[in-house]
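Let me begin by presenting the structure, written as structure tokens, before commenting on it.
The values are calculated or read from the model by the stated rules, or taken from the named source; none is laboratory data. Since this is a predicted model, take the numbers as computed values, not measurements. Note that each Cβ is placed from the backbone with ideal geometry, even for glycine, and that neighbours are counted across all protein chains shown.
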Amino acid sequence: MATTLRKEDQEHLEILRSLESEVGENLNFLGSVDKIWQPSEYLPDLTGEDWREQMQDFRDQAQTISDDLLVILVGDMVTEEALPSYAIQLNLIAEDEEGNSPRPWAKWLRGWTAEENRHGDLLNAYLRLTGRVDMRSIEVTIHNLIANGFNPEGYPDPYNGLIYTSFQERATKISHGNVGRIVGQQGEKNLSKICQKIAGDESRHEAFYTRMMHKVMDVDPEGGILSFRNMIRTLIAMPGRLMYDGHDPDLFDHFAVVAQKSEVYTIHDYASILTHLVSTWDVANRKVSGKAAKAQDYLCKQGERYSSLAEAVTEHLETQPKRKFSWIYNRKA
Ligand SMILES: [Fe+2]
Ligand SMILES: [Fe+2]
């Protein structure tokens, strides 16, 4: 692989390589293929004699989901379906040049990709079978998102691969968990179960990435803290932000407004994730000096800063009008 990494990025990569044995010891954060759930367990069995009844029952329940939640579910599903982009990015860490390397980082990346792939598959099949969404428009959105690619803030610093995934796995855990809870209240028990299952996976993934970044902070607190600060100087970019259905150039923002208004994923959640990571990685007590000490100070104030912004942001979002979404045949959400 041609490398154009800056000197500090190269050093970061070497530290990540030095953590290989820890990665190997933590591969059990992946479920075993024999025991882990698969999408078909949560969908009607179309091979059964009673497939008509199963489908009818499934679709009746899916009728209870509000349009707002349907839009959020589509946005979440599109984000999950763009998984190939994220796997390409993380190969920066895994350095799997052949594609089947037996080394721990490469094993983790492939195992993680395989688990994530089920999320997109299950939500895709679920939505298709409900008959409530415009699948072609959703497919165009997924196609565009993968083709557009993805460059999270702070790349190509390899530490940011871990910081970013620690953040995003927690964010998706919260978001799927909330969708599951709300649709459950609306009467949709199948989807509620599906979302809780997916949130459970995100929780294991979060634990792995957070633990590995903790090791980095132990070995290289200055580098870790500076990378973390660099990443959150601006809002952490969401992986789905380049989604496009061919109609609405601000599709991601409009989806994010619905998620915020429905309290599925809000600025409060963003603030709470930052606060959680700062405290889990024990940022405040790391012995650092110079630039890193300033970054340490900055990081410790961020949760509070976002919490104080939250009210204004929430008020602003509440005033946003409902928008048409092609995903639900231009009904508004
Ligand atoms: Fe996922
Ligand atoms: Fe995940």
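Can you find even one residue in segment 314-323 that is within 16 Å of MET213 (Cβ to Cβ) and among the hydrophobic types (A, V, I, L, M, F, W, C)? No. Which of the residues belonging to segment 230-251 are part of a helix (DSSP H, G or I) and modelled with pLDDT under 95? ASN230, MET231, ILE232, listed by residue number. Of everything in segment 304-333 that is assigned to a helix (DSSP H, G or I) and among the aromatic types (Phe, Trp, Tyr), the residue that is surrounded by the fewest Cβ atoms within 10 Å (Cβ to Cβ) is TYR306. Within segment 135-171, track down each residue that is charged (D, E, K, R) and surrounded by fewer than 19 Cβ atoms within 10 Å (Cβ to Cβ). Within segment 135-171, ARG136, GLU139, GLU153 qualify. Just the residues that are among the charged types (D, E, K, R) and within 23 Å of ARG305 (Cβ to Cβ), please, taken from segment 210-246. Across segment 210-246, the qualifying residues are GLU222, ARG229, ARG233, ARG241. On inspection, ARG211 passes the criterion of being of a type outside the set (Val, Ile, Thr), surrounded by fewer than 20 Cβ atoms within 10 Å (Cβ to Cβ), within 16 Å of ligand 2 (Cβ to nearest atom) and farther than 27 Å from VAL74 by Cα. Counting only residues that are among the hydroxyl-bearing types (Ser, Thr, Tyr) and in a helix (DSSP H, G or I), segment 1-42 holds 4 of them. Looking across segment 301-323, just one residue is among the basic types (Lys, Arg) and in contact (Cβ under 8 Å) with a residue 40 or more places away in the chain, and that is ARG323. Given the condition within 16 Å of ligand 2 (Cβ to nearest atom), closer than 19 Å to GLU95 by Cα and in contact (Cβ under 8 Å) with a residue 24 or more places away in the chain, answer yes or no: does some residue in segment 132-151 qualify? The answer is yes; a qualifying residue exists.
In segment 263-277, the residues that are free of Cβ contacts under 8 Å to residues at least 60 places away in the same chain and closer than 13 Å to SER308 by Cα reach residues that are surrounded by fewer than 21 Cβ atoms within 10 Å (Cβ to Cβ) and of a type in the set (A, V, I, L, M) with C-beta atoms within less than 6 angstrom, at least six apart or across chains, in these pairs: ILE267/ALA310; ILE267/VAL313; HIS268/ALA310.
The residue that is nearest to ligand 2 (Cβ to nearest atom), counting only those in segment 162-200 that are of a type in the set (Lys, Arg) and under 13 Å from the mean Cα position of the chain (by Cα), is LYS173. Annotation note: Cβ proximity below 6 Å between a residue of segment 105-119 that is within 12 Å of ligand 1 (Cβ to nearest atom) and a residue that is small (Gly, Ala, Ser) (sequence gap 6+ or interchain) occurs for THR113/ALA87.
Evaluation of ALA87 against the conditions (1) closer than 26 Å to LYS189 by Cα; (2) modelled with pLDDT under 95 shows that the sole unmet condition is (1).
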